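Engineer: Can you read through this structure? Questions will come right after.
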Amino acid sequence: MKRGLIAATGVAAMLVSVAACGSGDGDDKAGADGFKGETLTVWAMDGSTPDGWTKDVKAAFEKKTGATLKLEIQQWNGIQQKVTTALSESDPPDVLEIGNTQTPSYARTGGLAELGDLKKSIGAGWSPSLNKSAVYDGKQYAAPWYAASRVVLYNKKIWAEAGLKGVPKTRSEFFRALDTIRDKTDAEPLYLPGQNWYFFDGLTIGTGADLVKKQGGRWVSNLADAKVAKAMDIYKQYQSFSEAPKNKDEATPQQGEVFAKGRTGAFIGMGWEAAIAVKANPKIEKDIGYFTIPGETADQPEGVFLGGSNLAVAAGSEKQELAKEFLKIALNDTFEGQLAKEGGVIPNKESLQDRLKGNAAAEAAAPAVATGGTTPLIPEWAAVENAPNPVKSYMTAVLKGTSPADAAASVEGELNKRLSQEN
Amino acid sequence: MKRSPLARLWPNATAVVLFAGFAFPVYWMFCTALKPASDIVAEDPVWFPASATLEHFGTAVRADHFWTLVRNSLTVTVSAVALSLMIALLASFALARLRFRGRHGFLVTFMIAQMAPWEVMVIAIYLLVRDGDMLNSLVPLTLFYMVMVLPFTVLTLRSYIAAVPRELEESAMVDGCTRSQAFTRVIFPLLAPGLMATSLFGFITAWNEFPLVLILNKDAEAQTLPLWLSSFQTNFGDDWGATMAAASLFAVPILLLFLFLQRKAVGGLTSGAVKG
Amino acid sequence: MAVATEHQDPGPAAAGVRRGAAPPSRTAPPAGRSGRGRRGGAAPYLLLLPALAATAALLGWPLVKNGMLSFQNLNMRQLIQHLTEWNGTANYREVLGSADFWRVTGRSVAFTGVNVVLIMVLGTLTGLLLARLGTRMRLLLSTGLVLAWAMPVIAATTVFQWLFAARFGVVNWVLDRLGWHSMADYNWTGGQYSTFFVITVLIVWQSVPFVALNLYAATTTIPRELYEAAALDGAGAWRGFTSVTLPFLRPFLLATVFLEVIWVFKAFPQVFAINEGGPDRLTETLPVYAFIEGVGNQHYGMGAAISLLTIVILLVLTSSYLRIALRKEEDEL
């Protein structure tokens, strides 16, 4: 507790001092010698930092601050406990990459420093849909870094076989295309197992549904809501084009591997899932195309779940200023654009999406960012997604013929139990 | 007693099948590690690495801090095993040779100590080590690994000591040796195979430990090889060549040690039996 | 390598085991027979002191700490802020009241039972086979056994994932070739039983060598006269086995079962690495359950409670052996 208080006081003091210097991008504020001899430790997840980006950011940071950047790549294996325990130590890593849906849980622990001033100075252009996860209880606890979302991956050869030209712009056009494939080819029009839950989450974002609601001061299930039922109905229509099992998710079997066999018209997945297909069947590479999941109308794409990462500063770090210097450099337009281009990820500002030119999957994903969302951004949500995820059970039940209301009622108890677990 | 050719054949045939079954996974690990990528993901398995390459081993060794991790792993493992042998030798001598109050209470303590669920005690251990300001050090790791193997070592060495004929020891004492001289000159040499055999268990346990080092030592300079091996599993996903190369490198020291020590331990034993 | 048999009575069986487990001490009379126990005053306690002190400090203390955590509400926030929040027996009440816990316990016990039976049967048969083989074949088979035995667990789990990989895995290829074509791209980690099958193959593969090599070592010390006597009585191979070999090896087998029960029940890396307890948490055994609830969900107090309950269950499972061992010790004094 003591340490937490000290950290909190430290942050408050920092807010004052930074405010006194005025905002702006902080050019030369600290001077090149201000941080000489210091080392800033940054934890990034395996796969997040492309080589060129890392090299250039390191060079720019060290040139500007005179400090040394120690970028430590973290493995996914056991990462949660590693981060939690690290934040409890007296010498934690200064800057950490944290998954966007996990950010609220960590923000609530008091382990992350508040970054309101940073948002003011460099965050004006951050996509609101991405920044949402970095805010907890009205305060900024992280900076959005990058995101990725689902797109439609389709087999151009099969679409040509069915005589289809161009890609659908609305959901009904998409359904008509799938109908045509069913009629004119022997391929499975769409591969969609019953528990592709992040696609369903996107649909609920599209219908404006909330999966949870507050009741008597605690979060409870809102699956019985009509908007959730409407999203589920859309999912059911999609699923009717697929022979995939209704009680499995997209990873069992890997849908990319199913697609690789070449008898699937399309599937809904992440851009990188194409690599799974290509690995299983290199010949399919030239046939893979991508498009944005079409929405109800042509002017707005379908809602999507935005998976992504934020950068946060540990509250216990003694190098708060230097950490913010790092964030200002790593997140500036040059490097953010470079990350998007090199890594094929969606950048934290919509204004930088032109850097994705040439990367078909990322280009298809980008338009949906503005209207995308996440899972409920409450610390309690994490427990819901532990297998067996009750929302997945709800989906399977509806797909197998239970009414949405009955299905919602049947998983409500389990869902509420998980939401009531203290974190 | 003459056996028909068939009766002679089946034990040998079974032995060959069993040998194949037990050795194949190990062979397949080395074989995959040596094959070029195109031979690894082949519709029909390539049974022998005809066009062998060291490329995957290169990838594995070039990982950051590799040699530091090798040094750390060796240091921690060897120290933990040496310490536990020393401590266990004293305790097992007392338990095997001396009679005293509470003896079987101690025995049961060690038997129950074998049941400790170390994987789920890591947070308790972490809190103790963190509050003792000993994170990122090889010392706590060594000590905990030592205790992980201590109960087994004590109990096993005890049965080895119990099997050394008391008369040998007593005649040494008649010849003027002190009790401790009798131990070092007579019992200890006879225990050599026992010490080797028990140390194998220690080596393999300490060499493999993952959950504790993961959260105690976050500083790359203080980590050990299991973390390196696990990074290959996730880094490369389906790159089985590099994963198998890393697994091979990780397994080789233990495999060699086993083949070497096991011959001494069981070999000595069987030669004795054959002669008898 | 030897197994600690807590069996000291002077029957031929016990002597054989201790000799089997020990260096070539052909002339050894059973050690327990003399009964000349030396009461050495403080000496035994001094000799035990380092081991006991180390165990108390490095195992006992964490266990006590673990026990304290089990009465606390310890989640991410409390851990990061160094907070201590006692919550009485809430963790235990929640665990013991959850159907999951009891289901996992039942599954763990069944899993342990199946594996230990397989390990003991196959290990014993392999050990007996070793005894029948000629020198060269024996060397070949023991080399294979030692290779499997010495494979570090983490390397072994990785290799087994590769062997059973859905695509390009050797196992599926062989099954396909043998005419079982539906296994061509079979996903072993897709179902509960198929996952358990892979885990069981892995654990049995790793554990049989220990049993087989030790059992073989033990059989080499069975006096041949016993078999000759049995043969004179008209006993065939099977009767020879049941009337001579089995009684002789009984203490060894008991001690090995005890160890294997502990090792299989506690097996964590094998179960976790193959499929992380999936699909749908259906292959979680107690240690994996404790790890996922405690460490994975970051409810550390809950994890501590489950881990202590795990020890209690293990004590119950092994209690009959511990009782036998204790009785023998008392007989001896």
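Engineer: Taking the Cα centre as origin and putting +1 on Lys and Arg beta-carbons and -1 on Asp and Glu beta-carbons, what dipole magnitude results for region C:172-279, to the nearest 20 debye?
Structural biologist: I would put it at about 120 debye.
Engineer: Neighbouring Cβ atoms within 10 Å as the yardstick, rank A:Asp94, C:Asp280, B:Asp44 fewest first.
Structural biologist: Fewest-to-most Cβ neighbours within 10 Å comes out as B:Asp44, C:Asp280, A:Asp94.
Engineer: Kirkwood-based Rg over Rh for region B:1-53 (C-alpha set), two decimals?
Structural biologist: Result: Rg/Rh = 1.27.
Engineer: If you put +1 on each Lys and Arg Cβ and -1 on each Asp and Glu Cβ, how big is the dipole of the protein assembly as shown around its Cα centre, in Debye rounded to 20?
Structural biologist: For the protein assembly as shown, the charge dipole is close to 3440 debye.
Engineer: To the nearest 0.05, how large is the calculated FRET efficiency for C:Asp233 and C:Ser319 if R₀ is 51 Å and r is the Cβ-Cβ distance?
Structural biologist: 0.85
Engineer: Also: Of the candidates C:Pro251, C:Pro209, C:Pro279, which one comes out as most mobile in a Gaussian network treatment of chain C with C-alpha springs shorter than 10 Å?
Structural biologist: For chain C, modelled as a Gaussian network with Cα springs under 10 Å, the answer is C:Pro279.
Engineer: Does region B:41-170 classify as rounded, prolate or oblate by the C-alpha gyration tensor (a ≥ b ≥ c root eigenvalues; a/c under 1.5 gives rounded; else a/b over b/c gives prolate, otherwise oblate)?
Structural biologist: Here region B:41-170 falls in the prolate category.
Engineer: Between C:Gln72, C:Gln81, C:Gln270, find the one with the highest GNM mean-square fluctuation for chain C; connect C-alpha pairs within less than 10 Å.
Structural biologist: Highest fluctuation of the listed residues: C:Gln81.
Engineer: In whole Å, what are the Cα extents of region A:276-325 along the three principal axes, biggest one first?
Structural biologist: Reported extents, whole Å, longest axis first: 52, 35, 16.
Engineer: Quick one: grab the alpha carbon gyration tensor of the protein assembly as shown, order the square roots of its eigenvalues as a ≥ b ≥ c, and give me rounded if a/c is under 1.5, else prolate or oblate depending on whether a/b is larger than b/c.
Structural biologist: prolate
Engineer: Continuing with the same structure: Give the long-range amide H neighbours of A:Asn247: residues separated by 5 or more places, or on another chain, with amide H under 5 Å away, using H modelled in the peptide plane at 1.01 Å from N.
Structural biologist: Amide H neighbours of A:Asn247, under 5 Å, 5+ apart: A:Gly194.
Engineer: Mind running the shape call on chain C? Use the C-alpha gyration tensor, a ≥ b ≥ c as the square roots of the eigenvalues: rounded below 1.5 for a/c, prolate if a/b tops b/c, oblate otherwise.
Structural biologist: The shape class here is oblate.
Engineer: If you don't mind, there's one more thing I want to ask. Find the relative contact order for chain C and round it to a whole percent, using C-alpha pairs within less than 8 Å whose residues are 6+ positions apart.
Structural biologist: Worked out over chain C, it gives 31 percent.
Engineer: For Cα pairs less than 8 Å apart in space and 6+ apart in sequence, what is the mean separation divided by the residue count of chain A, i.e. the relative contact order in percent?
Structural biologist: Rounded, it is 24 percent for chain A.
Engineer: Can I ask one more? Out of A:Ala113, A:Ser48, A:Ala314, whose Cα points farthest toward the positive end of the dipole of chain A (charges: +1 Lys, Arg; -1 Asp, Glu; placed on Cβ)?
Structural biologist: Selected residue: A:Ser48.
Engineer: Could you work out, residue by residue across C:62-73, how many beta carbons of other chains sit within 10 Å of that residue's beta carbon, and then give the average as an integer?
Structural biologist: 4
Engineer: Which of the pairs A:Lys184/A:Lys248; A:Lys165/A:Lys246; A:Lys132/A:Lys349; A:Lys213/A:Lys246 have their Cα atoms more than 23 Å apart in this structure?
Structural biologist: With Cα atoms farther than 23 Å apart: A:Lys184/A:Lys248; A:Lys165/A:Lys246; A:Lys213/A:Lys246.
Engineer: Additional query: If we count other beta carbons within 10 Å of each Cβ, what is the order of A:Trp145, B:Trp47, A:Trp381, fewest first?
Structural biologist: Lowest to highest Cβ neighbour count: B:Trp47, A:Trp381, A:Trp145.
Engineer: Next question, about the same structure. Over all Cα pairs of chain A, how is the pair count split among 10 Å bins, expressed in % and running from 0 up to the last occupied bin?
Structural biologist: For chain A, the pair-distance distribution reads 4, 20, 29, 24, 15, 6, 1, 0.
Engineer: Anyone know which of A:Pro193, A:Pro347, A:Pro245 comes out most mobile in the 10 Å Cα GNM of chain A?
Structural biologist: A:Pro245
Engineer: Still on this structure, please answer the following. In whole Hz and in residue order, list the ³J(HN,Hα) couplings for region C:157-167 that follow from phi through the Karplus curve 6.51 cos²θ - 1.76 cosθ + 1.60, θ = phi - 60°; x for Gly and Pro.
Structural biologist: 4, 4, 5, 5, 4, 6, 4, 9, 4, 4, 10
Engineer: Treat every Asp and Glu Cβ in region A:266-391 as -1 and every Lys and Arg Cβ as +1, leave all other atoms uncharged, and give the resulting dipole magnitude about the Cα centre to the nearest 20 debye.
Structural biologist: Around 380 debye, computed over region A:266-391.
Engineer: Could you work out [θ]222 nm for chain A from helices alone, using -39500 (n - 2.57) per DSSP H run of at least four and dividing by all its residues? Round to the nearest 500 deg cm²/dmol.
Structural biologist: Rounded to the nearest 500, it is -12500 deg cm²/dmol.
Engineer: Setting aside same-chain residues fewer than 8 positions from A:Lys319, which aspartates and glutamates have a Cα under 12 Å from its Cα?
Structural biologist: Answer for A:Lys319, where 12 Å is the Cα cut-off: A:Glu38, A:Asp91, A:Asp94, listed by chain and number.
Engineer: Work from the charge dipole of region B:66-275 (Cβ charges, +1 for Lys and Arg, -1 for Asp and Glu, about the Cα centre) and give the residue of B:Asn208, B:Leu143, B:Gln223 farthest towards its positive end.
Structural biologist: B:Leu143
Engineer: Let me ask you something else. Of C:Val121, C:Ser307, C:Pro251, which is farthest towards the positive pole of chain C's charge dipole, taken about the Cα centre with +1 and -1 on the beta-carbons of Lys, Arg and Asp, Glu respectively?
Structural biologist: Checked the options; the winner is C:Pro251.
Engineer: Give the relative contact order (percent, whole number) for region A:313-423; include only Cα pairs under 8 Å separated by 6+ residues.
Structural biologist: Over region A:313-423, the number comes to 16 percent.
Engineer: Give me a comma-separated list of calculated 3J(HN,Hα) values for region B:159-165, in order, Karplus coefficients 6.51, -1.76, 1.60 applied at θ = phi - 60°, integers in Hz, x for any Gly or Pro.
Structural biologist: For region B:159-165, the Karplus curve yields 6, 5, 5, 4, 7, 6, x Hz.
Engineer: Right, another one. Taking amide H positions as placed 1.01 Å from N in the peptide plane, with prolines and chain starts having none, which residues 5 or more places from B:Ala63, or on another chain, fall under 5 Å of its amide H?
Structural biologist: The answer is none.
Engineer: In deg cm²/dmol and to the nearest 500, what is the mean residue ellipticity at 222 nm of chain C if only DSSP H runs of at least 4 residues count, each as -39500 (n - 2.57), divided by the residue total?
Structural biologist: It comes out at -21500 deg cm²/dmol, rounded to the nearest 500.
All of the numbers you see were taken from the coordinates with simple rules; none came from a lab. Given the structure is predicted, the values throughout are model-derived calculations rather than measurements. Cβ coordinates were reconstructed from backbone atoms using ideal geometry, including for glycine residues, and neighbour counts include every protein chain displayed.
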